[in-house]
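The values are calculated or read from the model by the stated rules, or taken from the named source; none is laboratory data. Keep in mind it's a predicted model, so treat the numbers as computed, not measured. Neighbour counts run over all protein chains shown; Cβ positions are idealised from the backbone, glycine included. Accessible surface is based on the protein model in full, side chains and every heavy atom, while ligands, DNA and RNA are left aside. Shrake-Rupley method; radii C 1.70, N 1.55, O 1.52, S 1.80 Å.
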Amino acid sequence: MAQEIEDVFTLLETAKTLFKSHFKNEPNVAVCAPGRVNLLGEHTDYNDGLVLPMALPLVTVIVGRKTDGPQCRVMTTSEDLKKNSCTEFDCPLEDRESLTPGEPSWANYVKGVLYFYKGTLSPFDAVIVSSVPLGGGLSSSAAIEVATYMFLDQLNGEKKASEVNKKEKALACQQAEHKFANVPCGIMDQFVSFMGEKGNALQIDCRSLEATLIPMAFPDAAIVICNSNVKHTLSGTEYPDRRRQCEEAAKILGKPALRDPTYDELQDKKDKMDTVTFNRAKHVISEIGRVTDGVAALRKADLTEFGRLMVQSHNSLRDDFEVSCKELNELVVIALGTKGVYGSRMTGGGFGGCTVTLVQQSAVNDLIGRIKKEYEGNATFYICSPSSGAKVLSV
Ligand code: ADP
Ligand code: MG
């Protein structure tokens, strides 16, 4: 009933076969990097707060080899892109400054990483295959960036790769997304794609950039991601508006960011700000607290408490931060009406995209069945457990 998740070895075989037929050679390097889902801590990243994502079993695989050049040649198999975009591109590599964003737009994610790569660039051929849905809120963008970075490291040799730590590499990938894809993303996606580990969530402090693995291996529970398959484009200013409102609230509170004030401090200044600004700050401050509480709950294996925090997070995003939508609310209500569900919430930026639900293994089919029956739209599902971060694969 859920989407079949193609395992990494099947993806690898597909990529190798394609590489051989397309480039008439054998690939000698292979890597993969995962997408992610955020469990708690939404809209906290740009407030210097905490987030708690996990890496998914959905991955992007890149295979390839060095060539005599002078250019790099890359192809992707993405069906979504085939419809309206060229799935191959090449670009010269002699001069990094000659790398600029352009068409096809998907190649900007690769070019951006080439540009910001901390090491020597050499000409190569590569094939990209992925099981992460594109544009579905599960960060196929970080997966392709991180896989590209890992791939370049492997072309350069392991020793060189270990000279730069994962944080620096993740930051280089973030730069690539900012400058080449024009998306002002936070650091969460690239961090967890590099640093996630099987059986663990990853708490990231978006101020200190400290990343802490939080064990989350519960054999009787599952994470079900449900894609609402809607994406509302509203005025287009929702995201910058909220960033501005958060900055405004921090300023009124006399703090560098909403990471700093307590809830009591916010209450004290309630009459100094309008209701909307107050509510935005209320969400962020309470949400950061929920990440800390959620981590404590996971450490005690208290899934009931973790689920309760997920629901609080959803309600706060819906009522105070106002980034949910009818479909996401509907999906959460259906999930919460299912026996065996610990908690459910919208995940990602909002106004569409996915929900994430923590549920007893034994109730997964019931949950999916109910959503299929009761949800007005057409949902797709992924049953996931916390998976490993980017890794080298043997070819
Ligand atoms: P999300 O990260 O939620 O999936 P984004 O809009 O941030 O959505 O990133 C999706 C874009 O990233 C795609 O439109 C495409 O340009 C690029 N991309 C991601 N994965 C691939 C891939 N396997 N092959 C080519 N481009 C990809
Ligand atoms: Mg993205």
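Which of the listed residues, Val364, Thr275, Ala250, is farthest toward the dipole's positive end in region 218-384, when Lys, Arg count +1 and Asp, Glu count -1 at the beta-carbon?
The one lying farthest along the dipole's positive direction is Val364.
Between Ser130, Ser139, Ser362, which gets the highest mean-square fluctuation from a Gaussian network model of the chain, Cα cutoff 10 Å?
Residue with maximal mean-square fluctuation among Ser130, Ser139, Ser362: Ser362.
On alpha-carbon atoms, Rg over Rh for region 1-119 using Kirkwood Rh?
1.01
Using a cut-off of 20 Å between alpha-carbon atoms, which aspartates and glutamates can reach Lys20, once sequence neighbours fewer than 8 places away in the same chain are excluded?
Asp68, Glu79, Glu88, Asp90, Asp125
Before anything else, pin down the relative contact order of region 218-384: Cα pairs under 8 Å, at least 6 apart, normalised by residue count, whole percent.
Worked out over region 218-384, it gives 35 percent.
Heavy-atom accessible area per residue, the chain, 1.4 Å probe: how many Å²?
That works out to 42 Å² for each residue.
Can you give the alpha-carbon Rg of region 38-191 over 2.2 N^0.38 Å, where N counts its residues? Show your work: numbers first, answer last.
Details: Rg = 15.2 Å, N = 154, 2.2 N^0.38 = 14.9 Å.
For region 38-191, the normalised Cα radius of gyration is 1.02.
Go from 0 up to the bin containing the longest alpha carbon distance in region 218-384, width 10 Å each, and give me the % of pairs per bin.
Taking all Cα pairs of region 218-384, the binned fractions are 10, 35, 31, 19, 5 percent.
Which log10 I(q)/I(0) values does the chain give at q = 0.06, 0.07, 0.10 Å⁻¹ under the Debye formula, counting every alpha carbon as one identical point scatterer?
Evaluating at q = 0.06, 0.07, 0.10 Å⁻¹ gives log10 I(q)/I(0) of -0.24, -0.32, -0.66.
Could I have the simple spin-label model distance between Val333 and Phe9, label points 7 Å from Cα toward Cβ, reported in nm to one decimal?
The two pseudo-label positions are separated by 4.5 nm.
Just to be sure I follow the definition: excluding the sites themselves, where is the longest run in the chain that has none of the trypsin sites (Lys or Arg not before Pro) in a DSSP loop with at most 11 other Cβ atoms within 10 Å?
25-299
From the residues Val113, Asn47, Val37, which one has its Cα farthest along the dipole of region 1-150 in the positive direction, the dipole being from +1 and -1 charges on Cβ of Lys/Arg and Asp/Glu about the Cα centre?
Of Val113, Asn47, Val37, it is Val113.
Suppose every Lys and Arg Cβ carries +1 and every Asp and Glu Cβ carries -1, with no other charges. What dipole size does region 218-384 come out with about its Cα centre, to the nearest 20 debye?
Using only the charged Cβ atoms, the result is roughly 200 debye.
Would you mind giving the average projected area, over all directions, of the Cα convex hull of region 295-395 in nm² with one decimal?
Averaged projected area of region 295-395's Cα convex hull equals 8.5 nm².
Counting only protein heavy atoms and using a 1.4 Å probe, what share of the accessible area of region 5-115 belongs to carbon plus sulfur, as a whole percent?
With neighbouring chains kept in place, the figure for region 5-115 is 47 percent.
Give, rounded to the nearest 20 debye, the magnitude of the charge dipole that the chain has about its Cα centre when Lys and Arg contribute +1 at Cβ and Asp and Glu contribute -1 at Cβ. Don't skip to the end; give the middle numbers.
Working: 44 positive and 51 negative charges, 58 e Å.
It works out to roughly 280 debye.
Using only alpha carbons, build the gyration tensor for region 202-244 and give me the equivalent ellipsoid semi-axes, biggest first, whole Å.
Listed largest to smallest, the semi-axes of region 202-244 are 30, 22, 5 Å.
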